[in-house]
2 protein chains.
Amino acid sequence: MDRLLLRYFLAVVDTGSFSRAADLTRVSQPTVSSAIARLERDVGTPLFVRSNRRVELTEAGARLVQPARRIEAAFVEAQAALAETHAITTIRLGLASTLAADFVEAIVVACRALPGVRLELIERRAGELAALLDRGRVDLALGPLGASDTRRAIALFEEPYLLALWDSHPLAQAETIAAETLVDEPMLVRRQCEALPLVSQFFTARGVRPFMAARSISEERVAGYVRAGLGLTVMPRSLGAPGVALRPLAGFGLTRTVGLVLEPGEHGPGKHGRAVRSGVVDAIRSAISG
Amino acid sequence: MDRLLLRYFLAVVDTGSFSRAADLTRVSQPTVSSAIARLERDVGTPLFVRSNRRVELTEAGARLVQPARRIEAAFVEAQAALAETHAITTIRLGLASTLAADFVEAIVVACRALPGVRLELIERRAGELAALLDRGRVDLALGPLGASDTRRAIALFEEPYLLALWDSHPLAQAETIAAETLVDEPMLVRRQCEALPLVSQFFTARGVRPFMAARSISEERVAGYVRAGLGLTVMPRSLGAPGVALRPLAGFGLTRTVGLVLEPGEHGPGKHGRAVRSGVVDAIRSAISG
DNA sequence: ATCCATGATAGCTTTTGTCTATGCACTGTA
DNA sequence: TACAGTGCATAGACAAAAGCTATCATGGAT
């Protein structure tokens with residue numbers, strides 16, 4: 001008998017349904033299902049009668065409710081007792097992989113200045129961050145904002161995607177570069193890039209099917225390849241590096257808005273943690289303007 | 001923050017030492033060590049000051065003690081609340097692999113007749129059962145008793161190891177069989193047999209180095225091989241099967257005593273479970289005499 | 001009769017929990 | 001001052017747990 005099992009148990013009791021309990025506790029329905037099954041196996045007797053439309057407690061289940069609540073309360077109390085003094089809150093910050101390293105560095109520095117905050121960084125591709133927020137695995141996510149989830153998002157800045165060339169490339173001086181002039185240029189694939197499908201679509205639509213000289217997960221490495229003259233690529237402006245020239249691609253107006261998204265539920269940081277989180281948000285905002 | 005972690009925490013508090021806490025909770029010292037480390041990571045602050053000779057609580061640690069005790073008490077209370085009515089106790093019975101199948105079957109039948117008992121069988125080689133008892137992974141172990149652990153053991157019966165031959169084998173009628181007459185006989189290896197080293201020693205000492213026609217984990221399969229005439233083997237009398245003749249080996253007086261060993265600590269079954277366990281012991285005894 | 005809602009099951013991956021073996025740091029003794 | 005002993009930490013391996021997605025089964029509602 002374990003804290004987690006009892007939590008799911010109580011969630012089922014409170015919602016009257018396995019699926020809703022899963023939503024409440026932010027796990028999948030099979031997770032709740034198997035947790036209850038395990039608890040029943042431990043206890044040696046069924047706790048719920050599953051009729052198809054609703055779930056109700058057995059006698060044994062009913063007997064477990066109050067003790068389970070006391071246990072959960074005792075845990076909460078214990079955590080409160082500790083929070084009372086040491087007052088360190090861990091903020092789990094999800095980071096999109098396509099953020100500039102020095103940019104992230106500045107954020108870390110800004111957050112380290114905050115008292116009572118411990119930062120945990122979780123790097124994922126941009127698309128995966130939303131799921132992490134939903135599952136409550138991170139408290140805050142920093143990355144390009146999709147058009148959809150503008151709900152609890154805080155936009156920080158907007159930037160264009162530009163063509164990256166090495167400094168001495170003939171086209172590096174051009175004001176604007178037409179896709180058609182790039183037919184014979186080798187290109188590099190930034191594998192984590194959220195705009196990757198749009199970029200390749202842009203080129204193929206113009207009959208440009210370049211040789212892909214490299215595909216890499218590492219932004220630093222790609223910048224190095226560009227600088228070394230291995231090929232060109234498209235990247236957000238903030239990823240620019242010394243020795244790499246960034247020029248607009250004619251007809252490619254895509255931009256991205258980088259911002260913060262807050263974890264929605266009431267599960268994440270408690271009322272204290274919430275204040276801490278907004279402190280982190282402020283620190284990040286000022287790190288960017290500064 | 002989890003029940004298990006708090007248990008180890010309290011054990012350290014109570015014993016004043018990681019190693020003794022490990023003994024108390026019957027896990028290894030590194031287990032306690034890493035559990036405390038994990039708890040401290042969760043909580044965000046050290047709970048113990050490790051000075052080399054003793055371990056003492058930090059302020060945060062001290063603050064956790066009472067809440068942790070309340071939590072553990074609440075769990076115990078919850079389990080008691082359930083035990084009150086449905087009163088099913090699971091008895092984990094360790095079984096040596098070299099017990100006859102029908103013998104085990106009789107035991108299971110006898111135990112199923114007991115009310116409020118759920119039997120969980122854990123099959124291991126004889127040598128591994130002692131460790132399971134020590135770690136509190138089983139409540140009761142049934143198998144050959146070693147000379148050493150006669151402490152809490154209950155002997156049930158004693159039996160010789162005999163040579164197993166197929167019915168129509170020329171030697172099957174002999175009163176006693178001398179090892180030397182077996183020089184050209186293929187033999188079978190019962191891989192789980194606790195007496196294996198002694199048996200092979202017995203033969204090699206007499207210059208008999210037989211061809212091993214098969215080595216198997218399954219007693220049933222070995223019996224089948226003997227019956228089919230693939231080879232001979234040595235087995236405890238109780239493993240005899242129809243179509244298999246058992247004859248004494250001249251000069252091989254080894255016997256084994258099969259018995260029950262009780263789990264020693266106070267961790268295992270509670271005072272209620274203890275009564276149940278002795279019921280199981282009685283059931284097993286009568287299953288054997290019957 | 002079909003569809004929808006809801007829980008169970010299967011298969012798979014990641015994380016946790018545990019072990020053994022070994023390292024390191026301090027203590028007390030020769 | 002060296003050296004054995006004690007006690008916690010670490011490494012590496014492995015098994016079990018806990019999670020997910022995808023799919024199935026079932027029974028009421030349309």
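Key figures
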read-out: Matching entry among B:A22, B:A83, B:A78 (being more than 29 Å from B:A153 (Cα to Cα) and among the aliphatic types (A, V, I, L, M)); value: B:A78
read-out: Cross-chain or 6+ apart pairs with Cβ under 7 Å, the range A:118-136 first and within 14 Å of chain B (Cβ to nearest Cβ), then among the small types (G, A, S); value: A:R118/B:G44
read-out: Conditions (1) in the same structural domain as A:A147 (by TED's automatic domain parsing); (2) over 19 Å from the mean Cα position of the chain (by Cα); (3) within 21 Å of A:C193 (Cα to Cα); number of the one not met by A:V261; value: (2)
read-out: Condition check for A:Q79: within 16 Å of DNA strand C (Cβ to nearest atom) and either surrounded by fewer than 18 Cβ atoms within 10 Å (Cβ to Cβ) or at pLDDT below 95 (or both); value: no
read-out: Residues of the range A:1-57 that turn out to be more than 8 Å from DNA strand C (Cβ to nearest atom), within 26 Å of the chain's Cα centre (by Cα) and among the basic types (K, R), as a count; value: 2
read-out: Residue check, A:G146 farther than 24 Å from A:G290 by Cβ, assigned to a loop (DSSP other than H, G, I, E, B), free of Cβ contacts under 8 Å to residues at least 40 places away in the same chain and of a type outside the set (A, V, I, L, M, F, W, C); value: yes
read-out: Near pairs, Cβ below 8 angstrom, 6+ apart or cross-chain, from the range A:1-22 (in the same structural domain as A:E40 (by TED's automatic domain parsing)) to any residue that is within 12 Å of DNA strand C (Cβ to nearest atom) and among the polar types (S, T, N, Q); value: A:Y8/A:T31; A:F18/A:Q29; A:F18/A:S33; A:S19/A:Q29; A:A21/A:T15; A:A22/A:S28; A:A22/A:Q29; A:A22/A:T31
read-out: Search result, residues across the range A:32-57 that are under 24 Å from B:D2 (Cα atoms) and exposed (fewer than 15 other Cβ atoms within 10 Å of the Cβ); value: A:S34, A:A37, A:R41, A:D42
read-out: Output for the range A:58-76, where each listed residue is within 36 Å of the chain's Cα centre (by Cα) and surrounded by 14 or more Cβ atoms within 10 Å (Cβ to Cβ); value: A:V65, A:A68, A:R69, A:R70, A:I71, A:E72, A:A74, A:F75
read-out: Test set (1) under 22 Å from A:E158 (Cα atoms); (2) surrounded by fewer than 16 Cβ atoms within 10 Å (Cβ to Cβ); (3) modelled with pLDDT of 95 or more - A:A178 fails condition number; value: (1)
read-out: Residue match in the range B:116-138 (condition: in contact with an Asp or Glu (Cβ under 7 Å, 6 or more places away or on another chain), modelled with pLDDT of 90 or more and within 19 Å of B:A223 (Cβ to Cβ)); value: no
read-out: Count of residues meeting criterion [part of a helix (DSSP H, G or I) and either away from DNA strand D (no atom under 16 Å from the Cβ) or not assigned by TED's automatic domain parsing to the domain that holds B:R277 (or both)] in the range B:93-142; value: 17
read-out: Residue within the range A:185-195 that is farther than 23 Å from A:R221 by Cα and surrounded by fewer than 17 Cβ atoms within 10 Å (Cβ to Cβ) present; value: no
read-out: Any pair with Cβ under 8 angstrom, 6 or more apart, that starts in the range A:72-86 at a residue that is more than 7 Å from chain B (Cβ to nearest Cβ) and ends at one that is crowded, with 16+ Cβ neighbours inside 10 Å and modelled with pLDDT of 90 or more; value: A:E72/A:R3; A:E72/A:L6; A:E72/A:R7; A:E72/A:L10; A:E84/B:R63
read-out: A:L99 closer than 26 Å to B:V43 by Cα and at pLDDT 90 or above; value: no
read-out: In the range A:58-71, residue nearest to A:A21 (Cα to Cα) [restricted to those that are in contact with a strand residue (DSSP E or B) (Cβ under 8 Å, 6 or more places away or on another chain) and either modelled with pLDDT under 95 or at the interface with another protein chain (Cβ under 7 Å from one of its Cβ atoms) (or both)]; value: A:G61
read-out: Matching residues, the range B:1-20, being more than 8 Å from DNA strand D (Cβ to nearest atom) and not acidic (D, E); value: B:M1, B:R3, B:L4, B:L5, B:L6, B:R7, B:Y8, B:F9, B:L10, B:A11, B:V13, B:T15
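Here's the yes/no breakdown for (1) of a type in the set (D, E); (2) farther than 20 Å from B:G243 by Cβ; (3) more than 32 Å from the chain's Cα centre (by Cα); (4) not assigned by TED's automatic domain parsing to the domain that holds B:A100:
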{"position": "B:S168", "(1), (2), (3), (4)": "no, no, yes, yes"}
{"position": "B:Q173", "(1), (2), (3), (4)": "no, no, yes, yes"}
{"position": "B:L182", "(1), (2), (3), (4)": "no, no, yes, yes"}
{"position": "B:L198", "(1), (2), (3), (4)": "no, yes, no, yes"}
{"position": "B:R206", "(1), (2), (3), (4)": "no, yes, yes, yes"}
{"position": "B:A213", "(1), (2), (3), (4)": "no, no, no, yes"}
{"position": "B:I217", "(1), (2), (3), (4)": "no, yes, no, yes"}
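For every residue, the table says whether it meets (1) crowded, with 16+ Cβ neighbours inside 10 Å; (2) basic (K, R); (3) farther than 20 Å from A:E159 by Cα.
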{"site": "A:V208", "(1), (2), (3)": "yes, no, yes"}
{"site": "A:I217", "(1), (2), (3)": "no, no, yes"}
{"site": "A:A223", "(1), (2), (3)": "yes, no, no"}
{"site": "A:T233", "(1), (2), (3)": "yes, no, no"}
{"site": "A:A245", "(1), (2), (3)": "yes, no, no"}
{"site": "A:V258", "(1), (2), (3)": "yes, no, no"}
{"site": "A:S289", "(1), (2), (3)": "no, no, no"}
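The values are calculated or read from the model by the stated rules, or taken from the named source; none is laboratory data. These figures come from a predicted structure and were not determined experimentally. Using ideal geometry, Cβ is built from the backbone for each residue, glycine included, and neighbour counts are taken over all protein chains shown.
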